[in-house]
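Chemist: Structure in structure tokens, see below.
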Amino acid sequence: MNLRFGYGTNGFANHRLSDALAVLADLGYDGVALTLDHHHLDPYAPGLARRVSGLATRLMELGLSVVVETGARYLLDPRRKHAPTLLHDEREVRLDFLLRAVSIASDLGAEAVSCWSGVRPPAVDAQLAWDRLVDGCARLTEAASKAGVPVGFEPEPGMFVQDLSGWRTLHRALGMPRAFGLTLDLGHCRCLEPEPVADCVVAAAPWLVNVQIEDMRRGVHEHLEFGEGEIDFPPVLRALADAGYRGLVGVELPRHSHAAPDVARRSLTFLRAAAGQSGTATDRSAAAPGMRAPGQRRPAGAVPAPEVLRAALAGVDDGGWLDEALRRVAADPSVISRLFPAAARRCGRAEVLPGWTADEAARAVLLAMLPAERAAVQARALYRHGDAAEKRAVLRALPLLPVGASAVELLHDAIRTNDTRLVAAALGPYAAHLDAAAWRQAVVKCVFMGIALSCVDDLDHRADSELAAMLAGVADERHAAGRELPADAAALLARLKAEKGI
Amino acid sequence: MRIFDPHVHMTSRTTDDYEAMAAAGVRAVVEPAFWLGQPRTSPGSFADYFDALIGWEPFRAGQFGIRHHATIALNPKEANDPRCREVLELVPRYLDKDAVVAVGEIGYDSMTPLEDIAFAAQLALAVEFDLPALVHTPHRDKVRGTQRSLDVVKESGIDPGRVVIDHLNEVTVELVRDTGCWLGFSIYPDTKMSPPRMVELLRRHGTERMLVNSAADWGRSDPLLTRRTGEAMLAAGFGADDVDRVLWRNPVEFYGQSGRLDLSDADSPADFAGNSIKRGGA
């Protein structure tokens with residue numbers, strides 16, 4: 001297993017930073033999560049450049065990687081914990097601090113800069129808080145992008161953005177920029193996410209830039225030493241490794257500073273043992289080397305989440321076009337009508353995920369940016385005015401959009417055509433909204449057009465005796481003409497006959 | 001012989017034509033939007049026609065291993081019909097499409113004030129969308145129509161190297177030769193140009209910026225006359241490289257200025273027979 005473990009310096013609050021680093025390196029940690037604080041590389045004290053450079057050298061000597069954390073309690077305001085946040089009236093103070101953190105992270109060669117939203121102040125209404133958060137994160141992300149250090153935004157229980165769902169909403173509001181990633185605290189997942197921790201890891205994998213780890217109990221936001229909470233760690237570590245996560249997995253125990261060296265030692269022993277326990281699975285992955293593409297483990301037919309598609313497009317050389325396009329659509333959904341047709345010219349047509357070319361993935365992500373109240377109307381218009389590739393992209397993205405069954409008319413239009421690309425795309429997961437008669441007609445049309453039935457989502461489950469009768473009719477006509485059914489249709493017919501007793 | 005027909009109305013042709021064209025070496029075509037022989041009466045007919053040019057027709061062509069691109073415009077004949085004026089508002093939407101490699105056919109039919117408006121407006125669109133322009137020259141009063149077209153092109157500010165003046169002949173070729181515009185010649189069974197006459201023009205004016213097309217449509221025409229012209233060139237002593245320049249590299253260079261010409265795999269010498277359906281259905 002290739003996981004790299006780190007430890008948060010906020011769990012060494014009673015140590016000099018240089019001493020904490022030495023202890024952690026001696027114990028065998030791979031890196032540290034450095035919380036900038038008044039006693040740990042104070043970004044407001046004199047001689048910052050010299051201290052940063054000295055620290056960079058020290059980290060290199062010790063062989064420690066680093067991520068920069070910005071969750072210090074009383075760094076900006078000695079009286080109010082965590083204040084001001086990006087949500088406060090004095091939010092510029094927080095933003096200035098975060099921009100300093102980006103600059104420091106860049107100088108340190110850090111892997112990410114982590115931050116959170118903070119708790120919404122009672123005097124700031126939710127809409128204003130949201131607008132401030134989006135604006136602050138956009139400016140931070142722009143700086144981080146220029147500096148080449150990703151932002152890891154961390155959902156934190158009790159804060160304005162407290163879970164993965166909130167992170168996704170924020171991510172989309174920002175236009176899914178590449179430089180805006182996720183810091184995932186695995187204890188938080190146990191505390192409040194609806195899914196098991198390992199599933200949270202799988203879902204979040206494409207955007208993970210930083211991971212924090214500790215034990216926790218359901219519903220109680222208290223960072224616990226390993227073994228004191230409810231998390232079963234081997235499957236979680238397995239999920240991280242399987243997802244190809246290469247960043248630090250940093251122990252986050254800020255309330256254990258009183259016994260930091262012992263806690264750090266016990267923690268690493270525990271994590272190594274847990275990683276070892278998932279070792280049988282490690283052998284499997286060793287047989288298939290190379291980083292697994294995100295989303296590859298999903299069941300066939302399911303459509304990857306927009307975040308997964310966006311992440312898969314990260315390697316496409318589009319000169320930043322998609323980042324800019326998504327940002328513009330987030331700000332003004334109507335501009336999608338001119339950006340949508342250009343996606344193939346800008347992003348190319350290479351396959352970025354199994355079954356997804358760059359142009360279709362980019363178009364799906366653009367569609368996913370649309371606000372719920374505009375999605376159906378815009379999708380219809382883009383389909384109506386699209387060329388065949390645009391139409392196909394709309395059809396394939398429908399399961400990702402908040403349109404319910406309202407776009408089923410697009411499937412009827414596509415199935416009416418004689419274009420194999422459109423008919424095939426109409427029979428994906430969204431075809432669940434087709435009534436049985438229309439669906440059967442479409443499947444039989446595939447047989448006529450020579451379209452492989454593998455494009456038909458849920459075929460095995462949905463095929464019924466009526467479909468069998470229709471296929472048998474086709475087979476009879478073909479036999480009369482001295483021709484055969486395509487092999488996949490013949491196999492389906494044979495299976496249905498056996499199962500349904502026809 | 002690899003052939004790129006830079007002007008052919010495949011909507012009007014049968015799959016037999018596609019098959020014969022593929023067999024003759026045609027690997028890529030551009031289909032300009034024009035009229036259909038019978039006047040259209042509403043913008044809706046144009047929308048469906050344009051949709052076919054960027055949807056169904058490329059699919060059909062793909063089944064025979066032929067790359068299909070289009071040019072989009074309100075044509076000069078129907079620019080005179082007040083029922084079709086709104087088509088000008090439809091055109092920009094199509095100029096964003098991947099398979100649209102120029103604005104066209106624009107230009108003159110009867111040289112009316114309404115044609116002036118549509119011509120100038122669509123040249124401006126070509127500049128705005130950074131696309132080349134395909135200019136049709138009129139059948140009647142051709143010399144004056146060609147001269148006036150050149151004046152309008154000049155006024156528009158578009159780079160003449162991004163404009164083709166089409167349907168030229170012995171009488172109009174001199175007007176265009178030194179303007180920097182490309183020269184288009186439509187080879188027809190009886191009218192317009194014939195292969196031997198075309199060869200003579202190539203001998204006299206060289207192969208630079210010369211485009212040869214069949215302009216085949218719903219009238220009496222022949223999509224294989226590009227091939228026949230290539231053969232006539234060879235018979236007259238032109239080399240294979242000259243033929244390749246006129247019938248392939250020139251149209252690639254002209255429409256390539258759109259940045260949207262997709263000829264991946266199409267210009268390789270491989271025969272497409274046997275895998276045409278797969279390519280079309282991809």
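Chemist: Being touching a Ser or Thr at 6+ places or on another chain (Cβ under 6 Å) and of a type in the set (Gly, Ala, Ser) is the requirement here; does B:Ala61 meet it?
Modeler: Values: touching a Ser or Thr at 6+ places or on another chain (Cβ under 6 Å): no; of a type in the set (Gly, Ala, Ser): yes.
When the stated conditions are applied, B:Ala61 does not pass them.
Chemist: Take the conditions aliphatic (A, V, I, L, M) and either under 19 Å from A:Tyr430 (Cα atoms) or within 11 Å of another protein chain (Cβ to nearest Cβ) (or both) and apply them to A:Leu339. Does it pass?
Modeler: Numbers: aliphatic (A, V, I, L, M): yes; either under 19 Å from A:Tyr430 (Cα atoms) or within 11 Å of another protein chain (Cβ to nearest Cβ) (or both): yes.
Yes, satisfied.
Chemist: Within the range A:389-405, which residues are in a helix (DSSP H, G or I) and buried (at least 21 other Cβ atoms within 10 Å of the Cβ)?
Modeler: First pass over the range A:389-405, keeping only residues in a helix (DSSP H, G or I): A:389-400.
If the condition is that a residue be in a helix (DSSP H, G or I) and buried (at least 21 other Cβ atoms within 10 Å of the Cβ), then A:Ala389, A:Glu390, A:Lys391, A:Arg392, A:Ala393, A:Val394, A:Leu395, A:Arg396, A:Ala397, A:Leu398 are the ones that fit.
Chemist: While we're looking at this one, here's another question. Restricting the search to the range B:131-161, which residues are touching a Leu at 6+ places or on another chain (Cβ under 8 Å) and within 14 Å of B:Arg177 (Cα to Cα)?
Modeler: Looking only at the range B:131-161, we keep the residues that are touching a Leu at 6+ places or on another chain (Cβ under 8 Å), and these are B:131, B:133, B:137, B:143, B:146-147, B:150, B:152-153, B:156, B:158.
Matches in the range B:131-161: B:Val143, B:Thr146, B:Gln147, B:Leu150.
Chemist: In the range B:2-23, what residues are of a type in the set (A, V, I, L, M, F, W, C) and surrounded by fewer than 17 Cβ atoms within 10 Å (Cβ to Cβ)?
Modeler: To start, the set of residues in the range B:2-23 that are of a type in the set (A, V, I, L, M, F, W, C) comprises B:3-4, B:8, B:10, B:20-23.
Correct list: B:Ala23 only.
Chemist: For the range A:172-187, give me each residue that is within 13 Å of the chain's Cα centre (by Cα) and surrounded by fewer than 24 Cβ atoms within 10 Å (Cβ to Cβ).
Modeler: A:Arg172, A:Arg178, A:Ala179
Chemist: If you check every pair at least six apart or on different chains, which have Cβ atoms under 7 Å apart with a residue in the range B:85-98 that is under 16 Å from B:Leu123 (Cβ atoms) first and a residue that is among the small types (Gly, Ala, Ser) second?
Modeler: Here the result reads B:Leu88/B:Ala118; B:Leu88/B:Ala121; B:Val91/B:Ala73, each pair linking the range B:85-98 to a residue that is among the small types (Gly, Ala, Ser).
Chemist: Kindly indicate whether any position in the range A:320-331 is modelled with pLDDT of 90 or more and within 14 Å of chain B (Cβ to nearest Cβ).
Modeler: yes
Chemist: Pick from A:Val447, A:Val456: which is β-branched (Val, Ile, Thr) and touching a residue at least 40 places away in the same chain (Cβ under 8 Å)?
Modeler: Values: A:Val456 fails: touching a residue at least 40 places away in the same chain (Cβ under 8 Å).
Answer to the selection: A:Val447.
Chemist: Now for a separate question. What are the residue pairs meeting all of these: first residue in the range B:174-185, first residue closer than 18 Å to B:Val212 by Cβ, second residue among the charged types (D, E, K, R) and in a helix (DSSP H, G or I), Cβ atoms under 8 Å, and 6 or more apart or on different chains?
Modeler: The qualifying pairs are B:Leu183/B:Arg177.
Chemist: Which of the residues that make up the range A:363-387 are in contact with a Ser or Thr (Cβ under 9 Å, 6 or more places away or on another chain) and within 12 Å of another protein chain (Cβ to nearest Cβ)?
Modeler: Of everything in the range A:363-387, those that are in contact with a Ser or Thr (Cβ under 9 Å, 6 or more places away or on another chain) and within 12 Å of another protein chain (Cβ to nearest Cβ) turn out to be A:Ala381, A:Leu382, A:His385.
Chemist: May I ask you to list the residues in the range B:253-282 that are surrounded by fewer than 16 Cβ atoms within 10 Å (Cβ to Cβ), at pLDDT 90 or above and away from chain A (no Cβ under 14 Å)?
Modeler: B:Glu253
Chemist: Of the conditions (1) more than 14 Å from chain A (Cβ to nearest Cβ); (2) surrounded by fewer than 16 Cβ atoms within 10 Å (Cβ to Cβ), B:Ile66 satisfies every one except a single condition; which number is it?
Modeler: (2)
Chemist: Sticking with this one: Filtering the range B:69-103 down to residues that are charged (D, E, K, R) and more than 20 Å from B:His9 (Cβ to Cβ), which residue is surrounded by the most Cβ atoms within 10 Å (Cβ to Cβ)?
Modeler: That would be B:Asp98.
Chemist: Look through A:Leu76, A:Leu48, A:Leu36, A:Leu86 and report the one residue that is over 30 Å from A:Asp242 (Cα atoms), touching a Leu at 6+ places or on another chain (Cβ under 6 Å) and surrounded by 16 or more Cβ atoms within 10 Å (Cβ to Cβ). Reasoning before the result, please.
Modeler: On the way: A:Leu76 fails: touching a Leu at 6+ places or on another chain (Cβ under 6 Å); A:Leu48 fails: touching a Leu at 6+ places or on another chain (Cβ under 6 Å); A:Leu36 fails: touching a Leu at 6+ places or on another chain (Cβ under 6 Å).
Only one candidate qualifies: A:Leu86.
Chemist: Can you work out which of the residues in the range B:196-225 that are more than 15 Å from the chain's Cα centre (by Cα) and of a type in the set (Gly, Ala, Ser) is modelled with the highest pLDDT?
Modeler: B:Gly206
Chemist: Can you tell me which of B:Ser156, B:Ser110, B:Ser194 is out of contact with any His (no Cβ under 9 Å at 6 or more places or on another chain) and within 21 Å of B:Gln257 (Cα to Cα)?
Modeler: On the way: B:Ser110 fails: within 21 Å of B:Gln257 (Cα to Cα); B:Ser194 fails: within 21 Å of B:Gln257 (Cα to Cα).
Going through B:Ser156, B:Ser110, B:Ser194 in turn, the sole match is B:Ser156.
Chemist: So which residues in the range A:90-118 are more than 22 Å from A:Ala56 (Cα to Cα) and small (Gly, Ala, Ser)?
Modeler: A:Ser117, A:Gly118
Chemist: Moving on to the next point. State all residues of the range A:363-387 that are surrounded by 21 or more Cβ atoms within 10 Å (Cβ to Cβ), in a helix (DSSP H, G or I) and either at pLDDT below 95 or outside the structural domain of A:Ala311 (by TED's automatic domain parsing) (or both); if no residue qualifies, say none.
Modeler: If the condition is that a residue be surrounded by 21 or more Cβ atoms within 10 Å (Cβ to Cβ), in a helix (DSSP H, G or I) and either at pLDDT below 95 or outside the structural domain of A:Ala311 (by TED's automatic domain parsing) (or both), then A:Ala368, A:Ala375 are the ones that fit.
Chemist: Is the range A:425-436 home to any residue that is surrounded by fewer than 22 Cβ atoms within 10 Å (Cβ to Cβ), within 14 Å of chain B (Cβ to nearest Cβ) and within 19 Å of A:Pro341 (Cα to Cα)?
Modeler: First pass over the range A:425-436, keeping only residues surrounded by fewer than 22 Cβ atoms within 10 Å (Cβ to Cβ): A:429, A:432-436.
Those left that are additionally within 14 Å of chain B (Cβ to nearest Cβ): none.
Within the range A:425-436, none of the residues are surrounded by fewer than 22 Cβ atoms within 10 Å (Cβ to Cβ), within 14 Å of chain B (Cβ to nearest Cβ) and within 19 Å of A:Pro341 (Cα to Cα).
Chemist: Would you pick out the residues in the range A:188-203 that are closer than 16 Å to A:Val308 by Cα and surrounded by fewer than 23 Cβ atoms within 10 Å (Cβ to Cβ)? Before you say what the answer is, go through the steps one by one.
Modeler: Of the range A:188-203, the ones closer than 16 Å to A:Val308 by Cα are A:199-203.
Within the range A:188-203, A:Asp199, A:Cys200, A:Val202, A:Ala203 qualify.
Residue-by-condition table, conditions (1) in the same structural domain as A:Gly276 (by TED's automatic domain parsing); (2) acidic (Asp, Glu); (3) out of contact with any Ser or Thr (no Cβ under 6 Å at 6 or more places or on another chain); (4) modelled with pLDDT of 95 or more:
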| site | (1), (2), (3), (4) |
| --- | --- |
| A:Ala143 | yes, no, yes, yes |
| A:Arg178 | yes, no, yes, no |
| A:Gly187 | yes, no, yes, yes |
| A:Glu193 | yes, yes, yes, yes |
| A:Ala205 | yes, no, yes, no |
| A:Glu222 | yes, yes, yes, yes |
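Chemist: Additional query: Do the conditions hold for A:Asp332, that is, is it closer than 12 Å to A:Leu370 by Cβ, surrounded by fewer than 20 Cβ atoms within 10 Å (Cβ to Cβ) and charged (D, E, K, R)? Steps first, answer last, please.
Modeler: Values: closer than 12 Å to A:Leu370 by Cβ: yes; surrounded by fewer than 20 Cβ atoms within 10 Å (Cβ to Cβ): yes; charged (D, E, K, R): yes.
Against the criterion (closer than 12 Å to A:Leu370 by Cβ, surrounded by fewer than 20 Cβ atoms within 10 Å (Cβ to Cβ) and charged (D, E, K, R)), A:Asp332 qualifies.
Chemist: While we're on this one: Return the residue satisfying two criteria in turn: it lies in the range A:412-422 and is in contact (Cβ under 8 Å) with a residue 24 or more places away in the chain and more than 10 Å from chain B (Cβ to nearest Cβ), and of such residues it is nearest to A:Val447 (Cα to Cα). Please lay out each step first, then the result.
Modeler: Of all residues in the range A:412-422, those in contact (Cβ under 8 Å) with a residue 24 or more places away in the chain come to A:412-413, A:415, A:418-422.
With the extra rule that they be more than 10 Å from chain B (Cβ to nearest Cβ), the set shrinks to A:412-413, A:415.
Working: A:His412: 17, A:Asp413: 18, A:Ile415: 13 Å.
Step by step, filter the range A:412-422, then rank; the result is A:Ile415.
Chemist: Here is a follow-up. Among the residues of the range A:452-470, which ones are farther than 22 Å from A:Leu395 by Cα and not in a helix (DSSP H, G or I)?
Modeler: Filtering the range A:452-470 for residues farther than 22 Å from A:Leu395 by Cα gives A:464-470.
Of everything in the range A:452-470, just one residue is farther than 22 Å from A:Leu395 by Cα and not in a helix (DSSP H, G or I), namely A:Asp464.
Chemist: Here's something else I'd like to know. So, in the range B:19-48, how many residues would count as being part of a helix (DSSP H, G or I) and more than 14 Å from chain A (Cβ to nearest Cβ)? Talk me through it step by step, then tell me what you get.
Modeler: Step one: list which residues in the range B:19-48 are part of a helix (DSSP H, G or I), which gives B:19-24, B:43-48.
Still in the list and also more than 14 Å from chain A (Cβ to nearest Cβ): B:19-24, B:45.
Adding up the residues that qualify gives 7.
The values are calculated or read from the model by the stated rules, or taken from the named source; none is laboratory data. Model, not experiment: these values are computed from the prediction. Because the Cβ atoms are built from the backbone with ideal geometry, glycine has one as well, and the counts that use them run over all protein chains shown.
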